[in-house]
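The next block holds one structure in the form of structure tokens; read it before the comments.
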Amino acid sequence: MDQVYEDIKQAISFIEKKSSSGYNFLKYSTSFIFTTENQEALNKVLAYKGKDVLSVASAGDQYLAAVYYDANKVDLFDVNRFAYYISYLKIAAVLILDYDEFMNFFVPVHNHDIQTKFWDLKTLKKILPILPNDVSLFWKEVMFRVKTNGYGNFVSPSNIYNNMMSVVQGVPFYKSKKEYYILKQKLLSRDFPVFEEVDLASIGNKVSDKYDILYLSNIVECMVRSELNTYYLRSFSLEDEVEMKKAQLICQQVEPLVKKDGVVLFSYRANSSRNTATDYLYNNELFDVHILPAKILPYDDFCFEVDDVDLALTYKPNKR
């Protein structure tokens, strides 16, 4: 249990704003509450049914979508320890809570302000008994600190993608009570997923199974952004060079994990069109670009209008 006590200590440090991950994605980083990716549209690209999937854990929505769309085995990975706890909490919440309880407990913003039932301690008590011991212990300690000290740098509830309107867009099991209960039934026949704490840049050294689908979300672009932030002034001119280097590294890491006809969701870029995606990642012969309906309404955090479509990048190593 030493690991969970260290995780609790680090979470409290984030809550108290003594720690911050900034643009870096580390073992302990500010965490997502909901995805910014259109899961309904992605299923039309990836076709989950009957497939073995390895997905980033993030906030657990990718896992829930794979289960909802009838994937076979679904394993999770993430470099961020907090993603493990948030994903498991969300899975357990769907298993235990009715639709309205879940939406009140997990969706921070229903209109404009953070609602009082978000991460409510009384609701948490309903969920704790079915969680693994380490996850249950983590949330007993961390949720109490959140409710007494605020969210700090642990999560950002007020972000636009945590608004009810954004949460339900492109996710049938959040948008519809009927589909939520369908998801609940499908989860009842499964154990909690396998979780591997691993950096994508070295995932091939830790994961040995092969999968039909590898779901990398926007990790590659985050790696690029993190490196570009280390440069002074010349970061824009180096973007293509850094993207090419990171793409080559990740291709080398994931290729051994992909089955013969498998596919990698290599990148996902929200609120971006082909006209604005002029960089290397979205303009080369390795990857296929898919234009999807936007998950988030076409306004950014400062209410400036942005593109009303998202871009998904897929890679089929055995088709090249």
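The values are calculated or read from the model by the stated rules, or taken from the named source; none is laboratory data. Because the structure is a prediction, the values reported are computed rather than measured. In this analysis, Cβ positions are derived from the backbone assuming ideal geometry, glycine residues included, and neighbour counts consider all displayed protein chains. Areas reflect the complete protein model, heavy atoms only, side chains present, ligands, DNA and RNA absent. Shrake-Rupley method; radii C 1.70, N 1.55, O 1.52, S 1.80 Å.
Structural remarks
- Per-pair calculated FRET efficiency, R0 = 41 Å: residue 209 and residue 104 via Cβ, rounded to 0.05: 0.65
- Ordered from largest to smallest accessible area (heavy atoms of protein chains, 1.4 Å probe), the residues 278, 36 come out as 278, 36.
- Long pairs among 49/184; 73/177; 90/177; 27/125, criterion Cα-Cα beyond 19 Å: 73/177; 27/125
- Nearby aspartates and glutamates by direct alpha-carbon distance to residue 245 (threshold 14 angstrom, same-chain neighbours under 8 apart not counted): 221, 227, 279
- Selection from 171, 289, 223, by position along the positive dipole direction of the chain (Cβ): 171
- When the charge dipole of the stretch 170-274 is built from unit charges on Cβ atoms (+1 for Lys and Arg, -1 for Asp and Glu) and taken about the Cα centre, the candidate among 262, 187, 238 whose Cα reaches farthest toward its positive end is 187.
- Bridge type composition, the chain - antiparallel percent by DSSP, nearest 5: 45
- Residue 58 accessible area, 1.4 Å probe, all protein chains in place, Å² to nearest 10: 20
- Note on the stretch 152-208: Kirkwood hydrodynamic radius from all Cα pairs is 14.8 Å, rounded to one decimal.
- By accessible area with a 1.4 Å probe, ligands and nucleic acids excluded, highest first: order of 314, 148: 148, 314
- For the stretch 8-109, accessible area per residue (1.4 Å probe, heavy atoms of protein chains only), Å²: 30
- On the chain, 49 percent of the accessible area sits on carbon and sulfur atoms, based on a 1.4 Å probe.
- Rotationally averaged projected area of the stretch 6-47 (alpha carbon convex hull; nm²): 4.4
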